[in-house]
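Beneath this line is the structure, given in structure tokens, with notes to follow.
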Ligand code: BGC
């Protein structure tokens with residue numbers, strides 16, 4: 001009887017598809033057959049769709065009420081979520097429930113947010129140089145997304161750090177395309193291991209927040225393929241992400257979300273991307289142009305001037321401005337990602353169990369591995385358990401640790417430790433995770449007298465510091481989405497504070513919780529500096545454990561710390577934060593010479609170089625040898641822990657052409673993360689990604705490796721600490737656009 005009823009509905013569905021509501025039977029849903037490929041399943045499902053049904057997939061809603069337009073949240077969306085696309089129950093395809101972002105499960109502004117685990121900033125994960133750690137972090141936040149009922153994570157931020165003032169640097173993975181692409185690729189893979197679609201974003205060249213909706217990026221095409229686009233390409237190859245989010249800005253005069261070159265030519269044709277392109281929220285600007293130029297889904301349509309992919313797209317398909325085949329392609333890409341990532345076969349549900357203790361430990365491990373010991377004169381660190389008095393100064397270190405603002409904000413279990421700070425609204429609120437460094441420090445030095453001073457009065461703080469054996473100054477810099485840092489200086493008089501405290505106590509340790517690199521005019525006066533980034537849910541414990549040597553810091557900078565803005569390609573950021581709608585052009589004249597490459601090329605000495613990071617032990621390198629084997633450059637060497645404690649090293653391989661011309665003297669070509677007991681050695685074999693050795697030729701769309709001699713440098717940082725080198729002869733070779741050897 002039941003079957004018959006369904007058969008009848010199915011027959012009606014075929015005849016009058018628009019009126020179909022109940023689900024088809026399994027026999028009539030061949031796309032549910034798990035033994036078919038995602039491509040086959042998507043094709044079958046889309047064939048069974050009416051045009052109306054296809055159109056529903058390409059039109060996304062904000063998951064929350066949108067105040068400027070007075071809209072209510074779409075029916076079925078998870079409260080205060082980022083995005084929603086209604087599913088197709090008739091075909092057994094679930095709703096898409098979308099959440100930000102790369103640091104954990106976020107919540108849009110509300111007094112009653114979801115409380116979830118936040119990873120340390122993306123820069124901290126990148127500082128680990130550890131792909132397994134990146135994967136584990138992604139897997140953890142993906143599991144919380146699933147447990148919260150989300151099957152899409154808007155994670156995967158991999159915009160290159162072209163400017164240390166970019167307000168979203170903390171969501172990204174630094175300045176080097178190989179490191180950033182690899183780390184983010186693994187994080188995305190971790191997220192998607194939960195049968196959740198992840199994105200790679202913001203495509204492309206959205207490298208500053210000032211004027212992000214209007215700025216027009218100009219860069220040599222080949223240079224972009226070797227920098228920003230290479231980071232995206234590598235992240236996509238390594239993750240097979242289900243989706244890419246196109247960005248707000250324009251590139252070569254055209255908005256990224258209707259940019260035929262970026263979307264159709266580079267992403268879909270050259271790289272062979274099979275997933276779907278979703279717009280950023282408010283980044284769609286047209287109907288036929290966007291659809292024909294490669295945008296597959298308008299997101300958060302309330303944010304746009306018009307519901308471009310709603311009725312207008314239907315109209316455009318009807319009158320032929322957008323072909324039915326293109327609409328099929330758009331829907332197929334979306335549904336294919338759902339099958340490929342297991343979203344259909346493993347439906348999500350809200351209310352899943354979350355083990356916050358276990359997930360907090362994952363976040364803590366990342367914070368510990370990602371903290372970078374920038375300076376440690378006279379072995380001021382690690383602190384001894386027997387230290388008698390400790391002064392803790394500033395940064396709200398009595399109660400918590402800072403996080404970055406905007407759509408990626410994850411709200412902590414237990415609430416904001418410092419509520420009420422400005423800005424309270426977008427891109428605020430400013431949120432401190434209630435993981436108190438003070439409490440964690442007391443736990444590790446139970447007999448010490450620990451005093452706290454809020455640091456608001458530098459003279460008073462100096463008096464407190466003078467009384468202590470060691471002074472720990474916590475300095476913070478809050479940045480966020482749509483909110484670049486106005487300068488590299490620490491805000492709120494903190495430079496003065498550090499200077500005063502360092503003047504009063506020779507054992508002053510500065511702990512930085514910053515969104516990116518900052519200037520340190522006081523650095524000569526302070527023996528130790530630890531960059532803890534935004535250290536996430538368990539940041540206070542992580543910082544304490546690094547300070548006391550419970551864990552040995554192994555983080556290395558994924559970005560150059562300049563002395564001042566004067567060293568940057570653009571000492572003054574382009575655009576005017578007060579006029580966000582003003583159109584302007586940003587010329588990336590430095591091309592692919594981003595970060596350390598720029599510093600090398602210009603002969604500049606930074607404050608701290610890319611790759612820098614100290615340890616409580618020391619390492620030595622021996623036996624560097626390099627050869628071309630099976631068409632790949634292999635670099636072999638031995639790393640030894642020459643100190644007294646266990647530690648992790650990040651031996652870095654840089655390559656410099658001796659005759660060929662690159663955009664800069666050298667490029668990072670590979671690395672390893674090696675854990676070693678005192679006295680222990682390990683052999684390392686780094687296989688170099690061949691694209692790193694070539695120059696991209698936009699005309700032929702090939703990577704060309706020039707025949708000649710290349711210097712292979714093994715070092716502890718980009719400035720050549722502990723460097724040894726060998727010379728290798730490379731034969732000429734040509735790789736296709738995806739880096740494969742052309743036969
Ligand atoms: C951000 C995206 C985010 C989206 C949804 C936008 O403002 O740029 O990164 O995923 O909002 O919240």
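Read-outs throughout are calculated quantities, based only on the coordinates presented, and are distinct from any laboratory measurement. Computed from a predicted structure; not experimentally measured. Don't worry about glycine lacking a Cβ; one is built from the backbone with ideal geometry, like all the others, and counts go over all protein chains shown.
What percent does the relative contact order of region 45-340 come to when contacts are Cα pairs within less than 8 Å and at least six residues apart? Spell out each step's value before the answer.
On the way: 678 pairs, mean separation 50.6, N = 296.
Across region 45-340, relative contact order equals 17 percent.
Would you kindly compute the Cα radius of gyration of region 73-116 and its largest Cα-Cα separation (Dmax), both in Å?
Just the Cα atoms of region 73-116 yield Rg and Dmax of 12.0, 37 Å.
By per-residue mean of other Cβ atoms within 10 Å, what is the highest-first order of 83-96, 634-647? Show your work: numbers first, answer last.
Values: 83-96: 20.9, 634-647: 17.6.
By packing density, highest mean first, the sequence is 83-96, 634-647.
If you project the alpha carbons of region 367-551 onto the principal axes, what extent comes out on each, in Å, largest first?
Cα extents, longest axis first: 43, 32, 28 Å.
Mind ordering 539-550, 727-738 by average Cβ neighbours within 10 Å, highest first?
Highest-to-lowest ranking by the protection proxy: 539-550, 727-738.
Run the quick spin-label model on residue 193 and residue 583: label points 7 Å from Cα toward the beta carbon, then report their separation in nm to one decimal.
Label at residue 193, label at residue 583, 4.7 nm between them.
Taking the 0 to 90 degree range and rounding to the nearest ten, how far is the long axis of helix 228-239 tilted relative to the main principal axis of the chain, both from C-alpha atoms?
Roughly 70 degrees, rounded to the nearest 10.
Going by C-beta contacts inside 10 Å, put 119, 313, 178 in order with the fewest on the left. Could you put the intermediate results ahead of the total?
Working: 119 30, 313 24, 178 19.
Ranked by crowding around the Cβ, least crowded first: 178, 313, 119.
Cα atoms only, region 616-735: Rg and Dmax in Å?
15.5, 55
Going by how many other Cβ atoms sit within 10 Å of their own, how do 197, 183, 392 line up, fewest first?
Details: 197 30, 183 34, 392 27.
Final ranking by Cβ density, sparse to dense: 392, 197, 183.
Once you have the Cα-Cα distance between residue 638 and residue 506, take 0.36 nm times their residue separation minus that, and quote the gain in nm to one decimal. Intermediate values should be presented prior to the final figure.
Working: separation 132, 0.36 × 132 = 47.52 nm, distance 3.77 nm.
That pair, residue 638 and residue 506, stretches by 43.7 nm at full extension.
Given the peptides 278-286, 322-330, arrange them by the average over their residues of other C-beta atoms within 10 Å, most packed first. Write down the numbers at each step before the final one.
On the way: 278-286: 24.8, 322-330: 17.4.
Ranking the peptides 278-286, 322-330 by packing returns 278-286, 322-330.
Give, as ranges by residue number, the residues of region 505-538 whose backbone N falls under 20 Å from the point 7 Å along Cα→Cβ of residue 604.
Under 20 Å, as judged by backbone N against the label point of residue 604, lie 515-524 of region 505-538.
Relative contact order, percent, of region 550-634 when contacts are C-alpha pairs under 8 Å separated by at least 6 residues? Display every interim value, and only then the final one.
Values: 69 pairs, mean separation 37.8, N = 85.
So the answer I get is 44 percent.
Using only Cα atoms, find the angle between the long axis of helix 2-15 and the longest principal axis of the chain, and express it within 0 to 90 degrees, rounded to the nearest 10.
Once rounded, the angle reads 80 degrees.
Counting pairs of alpha carbon atoms under 8 Å apart in space and at least six apart in sequence, what relative contact order in percent does the chain give? Kindly include the intermediate steps, with their values, before the conclusion.
On the way: 1960 pairs, mean separation 98.7, N = 743.
So the answer I get is 13 percent.
If you line up the long axis of helix 38-47 against the longest principal axis of the chain, both from Cα atoms, how many degrees apart are they, to the nearest 10?
In the chain, helix 38-47 runs at an angle near 40 degrees to the longest axis.
On alpha carbon coordinates alone, what is the Rg over Rh value for region 161-302, Rh being the Kirkwood radius?
Working: Rg = 13.9 Å, Rh = 15.0 Å.
Taking Rh as the inverse mean 1/r over Cα pairs, Rg/Rh reads 0.93.
Calculate the translational D of the chain in whole µm² s⁻¹ from Stokes-Einstein, where the hydrodynamic radius comes from the Kirkwood formula applied to all Cα pairs, the temperature is 25 °C and the viscosity 0.890 mPa s. Write down the numbers at each step before the final one.
Numbers: Rh = 26.6 Å.
It comes out at roughly 92 µm²/s.
Nearest-5 percent of antiparallel DSSP beta bridges in the chain?
Bridges in the chain are about 60 percent antiparallel.
Measure off 7 Å from each Cα along the Cα-to-Cβ vector at residue 722 and residue 449, then give the distance between these two points in nanometres to one decimal.
Distance between the two pseudo-spin positions: 4.0 nm.
Between residue 323 and residue 220, with labels modelled 7 Å along Cα→Cβ, what's the label distance in nm to one decimal, could you check?
If labels sit at residue 323 and residue 220, their model points lie 3.6 nm apart.
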